């Protein structure tokens, strides 16, 4: 085999003509793609919904998309919708924050002390399958029909999942990390505050995010209790008045609100908690 | 030994430095309860004397309980029987709870480092817990980071570091506490051969510079001979003991190809092989 020789004939340099198009960064392309998918899938839902009402579905029971949007628009203009949103949001936030605080504190104790866990686990396991709706009568009995009973329902919907996740995160701190901290002179309190709790952050945040969804599911149950306003009230009141378009506005509002709050939650955490999520362990 | 004072190695209760000459394990036994409810004797009758300033390598087949000895010395676990104490000018002092006088370097650096703190913050974790003023540790921070070659990487987070760099960070974090004894549990076992060798060379240098007592657990014969002043070979577990102890007075830097070195490798290989055969006989293989 002879080494490849350079061709005697001089080949002209290949000219490449660049089309004058802009190359978008992958993140932007991904965003545009996702947005397109979202618009298409929601449009399909609206079109199918529109076609089904009056044909497959009884128009008296299912409002058309146009009627729902028109109703939403009038409720926005009158400010009525914002009042309901405001009231429900306040209940969710107060109940959720209180539930998270209780859940993290009690979960931390349960995760840290096996003895406490052994005694508390049976209670938690027994209470866990009881849905927030099932507690409505009890809440009325205990707290009457004021705000307290609504907060109670939301707290209940939040606390167990936060508690379980916190306990799991706290008890799963690597033994090696605890020992390393001991060698560096950490006492019990420092160990908990500076090693175990930060190690559990990914678990705690996962629990808090799931609980956020639960608290929105709980709002309708909470507003079963003698509410005069709020989205849950709006939905149930519409059912009694056979106001299907208003009922659909309520459902839609609940969905959008939950989505927006979840996005805000994630955006806030992405910034503030980033260093605790940087871990090469599986979570 | 029940009446002995338990105190950190650094100072005793009156605040005077402890003048210890050697660390001794006397008839130490450690057993665990297995999942089947049976008592499993991991260590049986361990007698060790480690002199201050030694680079003592504990060598043995895997599962023989080498690491268990380290956890006992560190104070993470308490021996089932026997005692661990230092001897010296102050008489005998039983080792206290885990503390900064005996810092451990773990094999699993990802678990041992705090992933939410960067290298500098990891190294400063100990001094900050002790409320040492910043101007008092600023100089030693710089000193130890450059000693382990991480001066340029102080702001990096553990997940941005290679395996070798993580171990360097662990070593700096331990050294800044100025421990009397450095306990190292197969720290380089998970590293590639080249990184491993360069860290071994640096560790030997750090040991010479700082004069710390190092107790180093390994299953690598060449590593033990490259680093140690003494090597203790353990029998295969369960109920492991120290089988033999050899003194290594080969001058540093050590060369693996010298006659003395090769002879010692062979000697230790024979010892380890004996243990492997012993285990096979026990299992009935």
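Each value in this text was obtained by applying a stated rule to the coordinates, not by laboratory testing. The shown structure was predicted, so the numbers you read here are calculated from the model rather than taken from an experiment. With ideal geometry, Cβ positions are generated from the backbone for all residues, glycine too; neighbour counts draw on all protein chains shown.
Just to be sure I understand: with springs between alpha-carbon atoms less than 10 Å apart, which residue in A:49, A:142, A:33 has the highest mean-square fluctuation in the Gaussian network model of chain A?
A:33
Take the Cα gyration tensor of segment A:64-277, multiply each eigenvalue by 5, square-root it, and list the three semi-axes largest first, rounded to whole angstrom.
Three semi-axes, in Å: 39, 20, 12.
For a quick protection proxy, order the peptides B:142-149, A:238-245 by their average other-Cβ count within 10 Å, most packed first.
In decreasing order of mean packing, B:142-149, A:238-245 become B:142-149, A:238-245.
Work out how far the C-alpha atoms of segment B:61-106 reach from end to end along every principal axis, then list the three figures in whole Å, largest first.
37, 24, 16 Å, listed from the longest principal axis down.
Ignore the peptide's own chain and count Cβ atoms of other chains within 10 Å of each Cβ in A:187-198; give me the average, rounded.
Working: counts 2, 0, 0, 4, 1, 0, 0, 6, 3, 0, 0, 4.
Per residue, the number of nearby Cβ atoms from other chains is 2 on average.
Grab the DSSP H runs of the protein assembly as shown that are 4 residues or longer, score each as -39,500 (n - 2.57), total them, divide by all residues and round the 222 nm result to the nearest 500 deg cm²/dmol.
Here the helix-only value at 222 nm equals -17500 deg cm²/dmol.
Would you report the distance distribution of C-alpha pairs in segment B:114-178 as whole percents per 10 angstrom bin, up to the bin with the largest distance?
Histogram of Cα-Cα distances, whole percents per bin: 24, 59, 16, 0.
Per residue, how much space in cubic angstrom lies within the convex hull of the C-alpha atoms of the protein assembly as shown?
For the protein assembly as shown, the hull spanned by Cα atoms encloses 340 Å³ per residue.
Can you list the equivalent-ellipsoid semi-axes of segment B:70-134, largest first and in whole Å, using the square root of 5 times each Cα gyration tensor eigenvalue?
That gives 29, 17, 8 Å for the three semi-axes.
How many angstrom lie between the C-alpha centres of segment A:47-82 and segment B:195-230?
Segment A:47-82 and segment B:195-230 have Cα centres spaced 76 Å from each other.
Could you give the distance between the Cα centres of segment B:15-72 and segment A:135-175, to the whole Å?
Comparing the Cα centres of segment B:15-72 and segment A:135-175, I get a distance of 48 Å.
7 Å from Cα along Cα→Cβ at both residue A:268 and residue A:70: what's the point-to-point distance in nm?
Each label point is offset 7 Å from its Cα along the Cβ direction, giving 3.9 nm.
Testing the spin-label approximation: label points 7 Å from Cα along Cα→Cβ at residue B:77 and residue B:29. State their distance in nm.
Modelled inter-label distance: 1.6 nm.
For segment A:84-99 and segment B:78-130, compute the distance between their C-alpha centroids and round to whole Å.
So the separation of the two Cα centres works out to 47 Å.
Compare A:149, A:43, A:78 in a GNM of chain A, Cα atoms joined below 10 Å, and give the one with the largest fluctuation.
So, out of A:149, A:43, A:78, the one fluctuating most is A:43.
Mean-square fluctuation check for chain B, GNM, Cα pairs under 10 Å: which of B:86, B:235, B:210 is largest?
Its mean-square fluctuation being the largest, the pick is B:210.
Considering all projection directions equally, how large on average is the shadow of the alpha-carbon convex hull of segment B:62-217, in square nanometres?
10.5 nm²
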